[in-house]
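See structure below.
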Amino acid sequence: DSGVTQTPKHLITATGQRVTLRCSPRSGDLSVYWYQQSLDQGLQFLIQYYNGEERAKGNILERFSAQQFPDLHSELNLSSLELGDSALYFCASNPSGGAGTQYFGPGTRLTVL
Amino acid sequence: LAKTTQPISMDSYEGQEVNITCSHNNIATNDYITWYQQFPSQGPRFIIQGYKTKVTNEVASLFIPADRKSSTLSLPRVSLSDTAVYYCLVTTGNQFYFGTGTSLTVIP
């Protein structure tokens, strides 16, 4: 157990809908990262937050957004969902951001029908 | 953009040493290489990290040659429980690039 929690574990929705994925980092970790894992694209970095502020952006679509709250938990919002958005979404955390070891949560499996 | 490639799969017998290579280009001298292990339906789990020469911990070694065009994860004496997918992660600046993943199967 990495100490990172993600909810829900599974999510099934329809095209065009909007969903919110939630992540609670390890106690004391200020940085949160979001990744998408799919069969065709592999593991891709989406976005990083540090202490409530966006620090880095990767291959995140404009339909996706994230935020980190004062209690340091983070949410990833996915809107206007398409079939191709079906994937595993992982959250990771570490104390200070940068190149330090990232601790990954168990992921949320999103299925768009 | 750091493009990282790995062999798709490898097989090894129990007790053997396994070396998995990650090829990457255009990485700077202070870019970090991290290796993760992933089991089905679980998040990646940290194995080892370094940015130059050789790093060793209680489970693995990481070798990064001077040209920094590749890195090698070495797993000594693998067991059946090491059957998993292994990913390298290149951290360059504030961007993170995972490799394509290597599926390791350990055979009794």
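The values are calculated or read from the model by the stated rules, or taken from the named source; none is laboratory data. Remember, it's a predicted structure, so these values are computed and weren't measured experimentally. Cβ atoms come from the backbone with ideal geometry, glycine included; neighbour counts cover every protein chain shown. Just the protein is used for accessible areas: all its heavy atoms, side chains included, with ligands, DNA and RNA removed. Shrake-Rupley method; radii C 1.70, N 1.55, O 1.52, S 1.80 Å.
Some notes on this structure:
- In summary, strands (runs of 3 or more DSSP E) completely within the range B:5-44 and bearing 3 or more residues that are open to solvent by less than 70 Å² (accessible area, probe 1.4 Å) occur at B:18-24, B:32-38.
- Among the residues of the range B:23-41, the ones that are within 9 Å of another protein chain (Cβ to nearest Cβ), within 18 Å of B:LEU104 (Cβ to Cβ) and not hydroxyl-bearing (Ser, Thr, Tyr) come to 1 in all.
- Of all residues in the range A:1-18, exactly one satisfies the criterion of being within 23 Å of A:GLU54 (Cα to Cα) and either among the basic types (Lys, Arg) or touching a helix residue (DSSP H, G or I) at 6+ places or on another chain (Cβ under 9 Å) (or both), namely A:ARG18.
- Filtering the range B:70-88 to residues that are touching a residue at least 60 places away in the same chain (Cβ under 8 Å), of a type outside the set (Ser, Thr, Tyr) and part of a strand (DSSP E or B) leaves only B:CYS88.
- Residue within the range A:64-71 that is under 20 Å from B:TYR97 (Cα atoms) and of a type in the set (A, V, I, L, M, F, W, C) present: yes
- Of A:GLY98, A:GLY16, all but one fail to be on the phi > 0 side of the Ramachandran plot, at pLDDT below 95 and over 12 Å from the mean Cα position of the chain (by Cα); the exception is A:GLY98.
- Test: residue in the range A:78-86 that is open to solvent by 10 Å² or more (accessible area, probe 1.4 Å), within 14 Å of A:GLY105 (Cβ to Cβ) and either touching a residue at least 12 places away in the same chain (Cβ under 8 Å) or within 14 Å of chain B (Cβ to nearest Cβ) (or both): no
- A:ASP29 vs. criteria within 14 Å of another protein chain (Cβ to nearest Cβ), open to solvent by less than 20 Å² (accessible area, probe 1.4 Å) and not in a strand (DSSP E or B): yes
- Within the range A:52-63, not a single residue is of a type in the set (Lys, Arg), under 23 Å from B:SER41 (Cβ atoms), within 14 Å of chain B (Cβ to nearest Cβ) and open to solvent by 10 Å² or more (accessible area, probe 1.4 Å).
- B:ASP67 vs. criteria open to solvent by 40 Å² or more (accessible area, probe 1.4 Å), at pLDDT 95 or above and not in a helix (DSSP H, G or I): no
- Among the residues listed as A:SER2, A:SER24, the single one being of a type in the set (Ser, Thr, Tyr), surrounded by fewer than 21 Cβ atoms within 10 Å (Cβ to Cβ) and at pLDDT below 95: A:SER2
- Residue match in the range B:49-58 (condition: within 11 Å of another protein chain (Cβ to nearest Cβ), buried (at least 19 other Cβ atoms within 10 Å of the Cβ), assigned to a loop (DSSP other than H, G, I, E, B) and modelled with pLDDT under 95): yes
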